[in-house]
Amino acid sequence: MIDLEQVAQGHAKSVVECNPSAKEAEGLIATAVVYGANELFHHLDEMDFGNAIKALKFGYKVCRKGWNGSGMFLWLKPASKVRAEWCKDPHLKHLAELNGGEINALGTICMLTAQNEILTGWLASQTDMLSEDWMIVP
């Protein structure tokens, strides 16, 4: 399971970066994030797709009870900067080099498949979006 307090502190720091006058309230902001996440997710055995997306944004892994494969789940890979020296993909490395040595990577939803493979850029089906059997992965 994720360290919710660490996620909350990250959210609070982001708020303070955008609004330095909120520095005095940073601890309260982190506490509110933890409280809100606990209230939103910990009492739910099943969720709709909207709450599953919210859970992903809080750093949780989610899955559907109705999925056929054992051990499948989703997680959110947040946006980041990719440095050229980290790249094994020659095309990505070249793009990063052309961009001054690093390039922005957008966030994406990833899946661990039933075959124990990683799928980057998972897309929900209409059935997934309309289902209410989403749950947080322990």
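The values are calculated or read from the model by the stated rules, or taken from the named source; none is laboratory data. Given the structure is predicted, the values throughout are model-derived calculations rather than measurements. As a convention, Cβ positions derive from the backbone with ideal geometry for all residues, glycine included, and neighbour counts pool all protein chains shown.
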Subject >> Set Gly71, Gly27: member being touching a helix residue (DSSP H, G or I) at 6+ places or on another chain (Cβ under 9 Å), exposed (fewer than 15 other Cβ atoms within 10 Å of the Cβ) and either at pLDDT 80 or above or of a type outside the set (Phe, Trp, Tyr) (or both) >> reply: Gly27
Original post:
If you go through segment 99-138 one residue at a time, how many are touching a helix residue (DSSP H, G or I) at 6+ places or on another chain (Cβ under 9 Å) and assigned to a helix (DSSP H, G or I)?
Top reply: 3
Subject >> Qualifying position, being closer than 22 Å to Met129 by Cα, crowded, with 17+ Cβ neighbours inside 10 Å, under 21 Å from the mean Cα position of the chain (by Cα) and not hydroxyl-bearing (Ser, Thr, Tyr), among Ala52, Ala114 >> reply: Ala52
Original post:
Taking into account only those residues within segment 117-138 that are free of Cβ contacts under 8 Å to residues at least 60 places away in the same chain and surrounded by 13 or more Cβ atoms within 10 Å (Cβ to Cβ), which is nearest to Ser70 (Cα to Cα)?
Top reply: Leu119
